[in-house]
Amino acid sequence: MEVLEKVKEQIKKFIEVCAYPKALELLDQLATGKMLRSKLIVKIAGVNEESIKLCAIVEMIHAASLLHDDVIDEAVTRRGKPSINALYSDKTSIMFGDILYSRAFTELSQMDKNIAYHISNSVTKLSIGEMMDVDLTDAFNSSYENYLIMIYNKTASLIEASARSAAILANLDEEKYASYGKNLGLAFQMIDDILDITQDEKTLGKPAMLDFVEGKVTIPYLYLYDRVEDKEYLKSLYKKELDEKELTWIKVQMQNTNALDDAIKEAKNIGLLAIDSIKDEKNSIELVNIMKAMIERDF
Ligand code: FPP
Ligand code: MG
């Protein structure tokens, strides 16, 4: 059986323990993503009973965080499919998130104590990151530092903890893999924020250029704000439904100031930092490939 299928089977087994059919029905409705965290874990720790359990735990935590995030963001789609809050209700999305999340923690409590510590600690960071993300939409944020702290917590911390935990399972140098995971996570979120501007609705599975409308000043916008002449005009477009002319203005300014290209460069540089942490490890080729596949794509 293909390894990601094994992870899905393991998640199903973990949910069957609840003996509540609706939980399995909801699990069936979840659109599966790229399973980046699982790919990373098995590349580091190999395929075995413990590593598959770790993958399932991390994917369940990730899915739970998205179920809550879709309620917070009032999202109607997830990965191109209707979200659980849209298909059922906000209540169902939150409660199913709680089931996934608590089942994951019960299983985590049975694992190595250091793994349990790092994974559970990263969930606090996820929650802080989500709160920061929401709070940063209150007013135009022009601080790159705030943005970086927020994306570290919201996205990179669970990837960092996953890579570290996989290294613990495989008796490898956990600091090197933690650093790889952290920088991979930062680059991943930056690229996600760049794709919001460069891709169309069909490719994204959600409306394009939505971040700025939703109050999110992501890395390309931070660079743009720093460089654009008419800062007040840019600010006047913040959290506004934009017409064609306004969207075009933003895109043209992104090109003219090199804000977009430099944001792509920054994401790639952080990707290279990730590669640098594990370059002397024996399984580094595949980890380098994961990173390369992420940063060498069409923007
Ligand atoms: C998606 O961000 C959201 C996250 C990566 C983290 C969300 C975390 C929580 C809700 C807290 C943790 C909660 C539990 C139950 C474990 P986004 O909105 O920028 O991305 P999107 O476009 O994919 O929605
Ligand atoms: Mg969201």
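The values are calculated or read from the model by the stated rules, or taken from the named source; none is laboratory data. Nothing here was measured: the structure is a model prediction, and the numbers come from that model. With ideal geometry, Cβ positions are generated from the backbone for all residues, glycine too; neighbour counts draw on all protein chains shown. Accessible surface areas use protein heavy atoms only, side chains included; no ligands, DNA or RNA. Shrake-Rupley method; radii C 1.70, N 1.55, O 1.52, S 1.80 Å.
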Query raised in the report: Using the Kirkwood formula over every pair of different C-alpha atoms, what hydrodynamic radius in Å results for the chain?
Result: 20.0 Å
Query raised in the report: When you count, for each residue, the other Cβ atoms within 10 Å and take the mean per peptide, how do 64-70, 253-259, 280-286 rank with the highest first?
Result: 64-70, 253-259, 280-286
Report summary line: Around I290 (Cβ within 12 Å, Cβ-to-Cβ, excluding I290; K/R +1, D/E -1) the net charge comes to +3
Query raised in the report: Which percent of the accessible area of the chain is formed by carbon and sulfur heavy atoms (probe 1.4 angstrom)?
Result: 50 percent
Report summary line: The Cα radius of gyration of region 1-70, divided by 2.2 N^0.38 Å with N its residue count, comes to 1.09
Query raised in the report: Taking only protein heavy atoms and a 1.4 Å probe, what accessible area per residue, in Å², does the chain have with all protein chains in place?
Result: 49 Å²
Query - Calculated [θ] (222 nm, deg cm²/dmol) that DSSP helices of n ≥ 4 give over the chain, each run adding -39,500 (n - 2.57) - result: -23000 deg cm²/dmol
**Report entry** Mean shadow area of region 47-206, taken as a quarter of the surface of its Cα convex hull (nm²)
**Finding:** 10.2 nm²
Query raised in the report: Cα atoms only, region 35-118: Rg and Dmax in Å?
Result: 14.3, 38
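For the peptides 50-61, 228-239, what is the packing order when you average, over each peptide's residues, the other Cβ atoms within 10 Å and list the highest mean first?
So the peptides 50-61, 228-239, ranked by packing, come out 50-61, 228-239.
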Requested in this report: Could you work out the local net charge near K22, counting Lys and Arg as +1, Asp and Glu as -1, over the other residues with Cβ closer than 15 Å to its Cβ?
Outcome: -1
**Report entry** Inter-label distance, nm, simple model (7 Å from Cα along the C-beta direction), D192/M1
**Finding:** 2.8 nm
Query - Normalised per residue, the volume of the convex hull around the Cα set of region 116-217 (Å³) - result: 105 Å³
Report task. Could you tell me the number of lysine pairs in region 176-249 with C-alpha atoms less than 19 Å from each other, where the two lysines are 8 or more residues apart or belong to different chains? Result -> 11
Query - Table column - 3J(HN,Hα) (Hz), region 68-82, Karplus curve with 6.51, -1.76, 1.60, x for Gly and Pro - result: 6, 4, 5, 6, 4, 7, 6, 7, 9, 10, 9, 6, x, 10, x
**Report entry** Among S127, S89, S162: highest mean-square fluctuation, GNM of the chain, C-alpha pairs under 10 Å
**Finding:** S89
Requested in this report: Determine, for each peptide in 198-211, 179-192, the mean count of other beta carbons within 10 angstrom over its residues, then list the peptides with the highest first.
Outcome: 179-192, 198-211
Report summary line: The summed charge of the I94 Cβ neighbourhood (under 12 Å; Lys/Arg +1, Asp/Glu -1) stands at -3
Report task. Give me the number: length gained by fully extending F140 to N48, i.e. 0.36 nm times residue separation minus the C-alpha to C-alpha distance, one decimal in nm. Result -> 28.4 nm
